[in-house]
Structure formats: C-alpha cells, structure tokens
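The values are calculated or read from the model by the stated rules, or taken from the named source; none is laboratory data. Bear in mind that the values here come from a model prediction, so they are computed numbers and not experimental data. Here the Cβ positions follow ideal geometry from the backbone for every residue, glycine too, while neighbour counts run over all protein chains shown.
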Amino acid sequence: MSLRWKFFLSYLTVVTLALLTLAVAVALLAPADFSGRVRAMNMPEGRLRSQGMGGMMINLNTLEDVLNANFRQAVARALVLAGLVAVAAAAVASLLISQRIVQPIQALGAASRHIAAGHYEERLPVPGDDELGALTRSFNAMAEALARTETMRQQLIADVSHELKTPLASIQGFMEAMQDGVIPPTPEMFQRVHREADRLQRLVHDLQELSRAEASQLILDLRAHDAAELATSAAEWLRPQFEDRGLTLTVIPPETPLKVKADFDRARQVLLNLLGNALQYTPSGGQVTLRVSRERDMAHFAVSDTGVGLAAEDLERIFQRFYRVDKSRARASGGSGIGLTIARHIAEAHGGRLWAESAGPGKGSTFHFTLPLAG
Ligand code: ADP
C-alpha cells in the first residue's frame, strides 16, 4: 500500500473513530438528559395530581414517551446525516493533506534515482521549515557534496594521467632512441631512465599518501613529544643537503621546553617537507631558519627562507594538489606538487594548521605549522 493511501486511511480512521464516539456519546447522553428536562418541565402534573386529575397525568406521561421517541429518531437521523457529510469532508481533506505530505517524498525519491544515474546537478525546492524541509535540505547538501566529489575525482584522474605522461614519455623516448641507435646506451643514459622511473615511484607513493589523507584515514599515534626535539630531528636529517647547497640552517628552540601532542613521524614529515622546499627554493648562500615558539595553547613551528618567495595569489594555491608555481622548474627538481597538500592534511588531522606567508616573489617565504600542546 502506498504512503499516500496509508495517510489517507489513517486520517479517515481517526475521523470515523471520533464520529463514532461522538455518536455513541450523543445517543446515550442526549435522550436521558432530554427526559430529565421534560420531567422537570412537568409542572402541571403535580398540580393536576394534587387536584385529583389522574387522567391528565397519564396523558402527559404518554406525551413524554412520544417526545422521547421522536427526539431519539431526530438525533439518530441528524447523526447519520452529519456523519456522512463529515466523512465526505474528511475524505477530501485527507486526500489533500496526504498529497501535500507525500508529494515532496515522491520528489525526493525521483531526485535520488536521478542522482544515482549520475546527474549530480539535481536539487529540490525546500517545501517548508518542518521535518520534510530539513530532509530536503540534507538531501540538497548531500547532492552538493556528491557533485564536489565527482568534480574532484575527474580532476584527479586528469591530473594523475598528466603527471604520469611526462616521465613515461621520457622513458619511452630514451629507450626508443637507444634501440634505434640514435643515442648510445651509456651508463649516463641508463641513469636518466632510472631517474624518471624514480619520479614515477615517488609520484605513486605520494598519491597513495594523498588518497589516505583525503579519505581522513591517517592513523595517528598521538603522544607527548618535545617540540624542540622534533624540530632538531628534521633539521639534522637534512643538514648535509643544506651544507652541500651552501645554505645556512638554524634551529631556534622555544624559550621554555614545549610538549606537543603529535604523531612524531607524521609531524616530522611535515617539517621535512617544509625544510625540503626551503632547500629547493632558496638559492645558495641563503638562510633557512626553523623557529619553535609557544602561541597560546599551540606550539608554533615557523620555517623561513630567503628564497624565491611567493606571490600573494599563490599563498593558498600551493596547498592544492599538483599546484606548482614554476611548473618546469619544480618538475625538473622532482616535485609533484602534492607535498604541501599532504602536509596540510597531516597538520589538520592533528588539530593544527599549516599556512604560508611571503613578502612577494624574490623576498623569501615563511611557512607556519602549529600543533596542539600536550596535556
Ligand atoms: P613540490 O613537490 O612541487 O615541492 P609542494 O606541494 O611541496 O610540491 O609545493 C608546491 C609548490 O609550492 C612548489 O611547486 C613551489 O612552487 C611552491 N613552494 C613550496 N615551498 C616553497 C618555498 N619555500 N618557497 C617558494 N615556493 C615554494
């Protein structure tokens, strides 16, 4: 049985029950009440009885019976008629009301089927401020989220195929040139092919990380760690590369020891990413500083460099996946443009933040990373 019929029948049942109760109550109460009133009006009976006119008394009693019987009939007829009219009116009202309730539900059903068929642009007008309105609003929000996910999915496929194309084309080009004897198969050539394969491997690894991060599946082993130790551990790991490039790397610890609540490896990964970028985008002779300080109830790590800097419009875009300011340069250096996207996910999964600041191109940049304090 459809919902509309269920509503219709339940309204009708309620109205019929109410009418039946009314009818029984009227049929039971009205005649008794009526006889009582007639008897109370029977003033002449007393007077007649006292005057010894018994015959008149009998006539009055008969009159009362006749009145009662007629009254019962009138009440019954009025009740049946009123009942019929009321049921008809209730049926019409019930049909209209059930239609009003069922129609938005039917629309929701149709829209869900439409969305399931891949039409993510489907939205419904909100019927009001009641529960059905709330349901429709939730439905629209869900459709919006699905549409966004679909766009992201399409964008991701396009980005990934684009990213895979370049190293694959290089490998293919080198191999064909060597096969055709255009280039001699020297160790140097094999090295180049190997480098491209390495890039592919890094890209696949980063993509796996990204998909875990975007699906909020990062499993964090949160414990209390010393913030300065975290910073030093990342800095010391990269120090040899900074020295090779002729860059100065300075770690400034906090004034008083700070404990952060973090997954040590993941937080270190963020700092390694920021320091690695500073290393990559700062010309030799430059300076990179990692300063650790306390900012209210957060530990604040600031990685500043004297490197290429960032334009205002890129400060937020660099956190989007695959976004690189200077595409050819970043690609040549092996950057996939995913590092900062993953790093921000890690920061946010900890309850912290990650953002960039720069006075402009050529003026260096500072990356801020915050983590909640332990305890
Ligand atoms: P990539 O692997 O390309 O470095 P990231 O996500 O780590 O990817 O960085 C995205 C882009 O942000 C980089 O390609 C670069 O253009 C810009 N960027 C990151 N760090 C810095 C920095 N310290 N100075 C200037 N630009 C930076």
Next item on the list: Exactly one condition in (1) within 35 Å of the chain's Cα centre (by Cα); (2) surrounded by 12 or more Cβ atoms within 10 Å (Cβ to Cβ); (3) modelled with pLDDT under 90 is not met by Ala143; state its number.
Entry: (3)
Next item on the list: Can you confirm whether segment 331-342 contains a residue that is more than 7 Å from the ligand (Cβ to nearest atom), crowded, with 21+ Cβ neighbours inside 10 Å and either modelled with pLDDT under 95 or charged (D, E, K, R) (or both)?
Entry: yes
Next item on the list: Would you point out which residue out of Leu271, Leu290, Leu279 is within 10 Å of the ligand (Cβ to nearest atom) and either farther than 25 Å from Lys165 by Cβ or touching a helix residue (DSSP H, G or I) at 6+ places or on another chain (Cβ under 6 Å) (or both)?
Entry: Leu279
Check: Does Val126 qualify as being part of a loop (DSSP other than H, G, I, E, B) and either under 30 Å from Thr16 (Cα atoms) or over 15 Å from the mean Cα position of the chain (by Cα) (or both)?
Finding: yes
Note to self: Going by what's in this entry, would Arg202 be described as exposed (fewer than 13 other Cβ atoms within 10 Å of the Cβ), of a type in the set (D, E, K, R) and within 35 Å of the chain's Cα centre (by Cα)?
What the structure shows: no
Check: Limited to segment 207-233, what total is found for residues that are in a helix (DSSP H, G or I), closer than 14 Å to Gln269 by Cβ, touching a residue at least 24 places away in the same chain (Cβ under 8 Å) and within 31 Å of the chain's Cα centre (by Cα)?
Finding: 3
Next item on the list: Go through segment 212-228 and give me each residue that's modelled with pLDDT of 85 or more, surrounded by fewer than 17 Cβ atoms within 10 Å (Cβ to Cβ) and not aliphatic (A, V, I, L, M).
Entry: Asp221, Arg223
Item checked: Residue check, Ile346 surrounded by 21 or more Cβ atoms within 10 Å (Cβ to Cβ) and either free of Cβ contacts under 8 Å to residues at least 40 places away in the same chain or under 20 Å from the mean Cα position of the chain (by Cα) (or both) -> yes
Item checked: Condition check for Val303: at pLDDT 95 or above and near the ligand (Cβ under 9 Å from one of its atoms) -> yes
Margin query: Quick test for you: out of Glu316, Glu348, pick the one residue that is outside the structural domain of Arg202 (by TED's automatic domain parsing), of a type in the set (D, E, K, R) and within 12 Å of the ligand (Cβ to nearest atom).
Written below: Glu316
Checklist line | Matching residues, segment 191-215, being under 21 Å from Gly173 (Cβ atoms) and among the small types (Gly, Ala, Ser) | finding: Ala197
